[in-house]
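The values are calculated or read from the model by the stated rules, or taken from the named source; none is laboratory data. These numbers come from a predicted model, not from an experiment. Heads up, the Cβs are rebuilt from the backbone with ideal geometry, glycines too, and the neighbour counts pull from every protein chain shown. Keep in mind that these areas ignore ligands, DNA and RNA; they rest on the heavy atoms of the full protein, side chains included. Shrake-Rupley method; radii C 1.70, N 1.55, O 1.52, S 1.80 Å.
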Amino acid sequence: MTTEPSQPYARTPRTTPTRSAERARYDRPTVHAILDSAWLCHLGYVREGEPVVLPTLFARRGETLYVHGSTGSRPLRSARQDPGLPVCLTVTHVDGLVLARSAFHHSLNYRSVVVRGLARQVRDEAEKRMALDTIVDQVVAGRAADSRPANARELAATAVLRLDLAEVSAKLRTGGPNDDPEDVDLPYWSGVLPVQQTYGAPEPAADLSPSVRLPEYLSR
């Protein structure tokens, strides 16, 4: 059955928060926007009975996440086996530091996504190349077409995990501090310190030929 883009992700016991449940979101546009504006995810799994969380690059294509890895990594070896590797993948953006009058009510404004499911190794070469191009373009849009594709040796040394977007939830906090009424008259500053992501000026490699001009997608 094909899932309609307008249909929200189904809530499950694992995607329903036990705290601040009103901040949860399940609509696809919100989830996709949070994922598409990030480069880094954290991939959690269990190895020999111990929890492990790894930071790595990822990208979304439709209702699938592709996660970058190494062919020698432990999660990849586990993901080769059926039915796959049970994982929890998270992405978080910090949008502001929420400073309350009381220490207890300090918080963050944030946008986050949690994905649960089975990660599987991508074995088809065409899909693997497509996934790697998608990951490169997630870092800088347009970069995959403006760089040398992976050769056979590099492709063999690189692994890609596939995780379908099925059990998914987003969670967001916005707005100011939630000071208690009895604290409003205290002589402490209260409010939000916004946090923004910015780009600096591109810095060319030391051995870059002067004839190679800055790409238009970077000058933007």
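For region 127-220, which chymotrypsin sites (Phe, Trp or Tyr not before Pro) are in a loop by DSSP, counting at most 12 other Cβ atoms within 10 Å? Kindly include the intermediate steps, with their values, before the conclusion.
Details: sites: 188, 189, 199, 217; in loops: 188, 189, 199.
Those satisfying the criteria are 188, 189, 199.
Which residue, 147, 169, 70, has the most motion in a Gaussian network model of the chain that connects Cα atoms within less than 10 Å?
Top of the fluctuation ranking is 147.
Compute the projected area of the convex hull of the Cα atoms of region 99-199, averaged over all viewing directions, and report it in nm² to one decimal place. Intermediate results must be reported in sequence, preceding the final value.
Numbers: hull surface 41.8 nm².
Answer in nm², one decimal: 10.4.
Pick from 46, 122, 184: which is most flexible by mean-square fluctuation in a GNM of the chain where alpha carbon atoms under 10 Å apart are linked?
Answer for the Gaussian network model of the chain: 184.
Once the whole set of protein chains is in place, how much accessible area is left on residue 64, using a 1.4 Å probe, in Å² to the nearest 10?
10
Determine ³J(HN,Hα), in whole Hz, for all residues of region 86-100 in sequence, where each value follows from phi through the Karplus function 6.51 cos²θ - 1.76 cosθ + 1.60 and θ = phi - 60°; x replaces Gly and Pro.
Result, rounded to whole Hz: x, 9, 10, 10, 10, 9, 9, 10, 9, 9, x, 9, 9, 9, 9.
Within the accessible area of region 8-94, what % is carbon and sulfur when the probe is 1.4 Å and the other protein chains stay in place?
Details: 2560 of 4810 Å².
That share works out to 53 percent.
Calculated from DSSP H runs of 4 or more alone, at -39500 (n - 2.57) each and per residue, what is the 222 nm mean residue ellipticity of the chain, nearest 500?
On the way: 5 runs with 40 residues, N = 220.
Mean residue ellipticity, 222 nm, calculated: -5000 deg cm²/dmol.
Mind checking the angle between helix 125-139 and the chain's longest principal axis? C-alpha axes, 0 to 90 degrees, to the nearest 10.
40
Using a 1.4 angstrom probe, figure out how much accessible area the chain has per residue, in square angstrom, rounded to the nearest whole. Write out the running numbers ahead of the final one.
Numbers: 13870 Å² over 220 residues.
I get 63 Å² per residue for the chain.
Taking the dipole about the Cα centre of the chain, with the C-beta of Lys and Arg at +1 and of Asp and Glu at -1, give me whichever of 196, 147, 184 is farthest to the positive side.
147
Under unit Cβ charges (Lys, Arg +1; Asp, Glu -1), what dipole magnitude, rounded to 20 debye, does the chain have relative to its Cα centre?
Magnitude of the dipole: close to 680 debye.
Using modelled amide H (1.01 Å from N, peptide plane; none on Pro or chain starts), what sits under 5 Å from the amide H of residue 95, excluding residues fewer than 5 places away?
Under 5 Å from the amide H of residue 95 lie the amide H atoms of 109, 110, 111, each far enough along the sequence or on another chain.
With r as the distance between the Cβ atoms of residue 151 and residue 178 and R0 = 45 Å, compute the FRET efficiency 1/(1 + (r/R0)^6) and round to 0.05. Each step should come with its number before you reach the end.
Details: r = 55 Å, r/R0 = 1.22.
Given R0 = 45 Å and the Cβ-Cβ separation, E is 0.25.
Defining a contact as two alpha carbons under 8 Å apart and six or more residues distant in sequence, what relative contact order in percent does the chain show?
Working: 373 pairs, mean separation 56.3, N = 220.
It comes to 26 percent, rounded to a whole number.
For region 24-99, which chymotrypsin sites (Phe, Trp or Tyr not before Pro) pass both filters: DSSP loop (anything but H, G, I, E, B) and at most 14 other C-beta atoms within 10 Å?
Details: sites: 26, 39, 45, 58, 66; in loops: 26, 39.
Filter output for region 24-99: 39.
In Å and from the alpha-carbon atoms only, list the Rg and Dmax of region 1-132.
So, for region 1-132, Rg and Dmax equal 16.8, 56 Å respectively.
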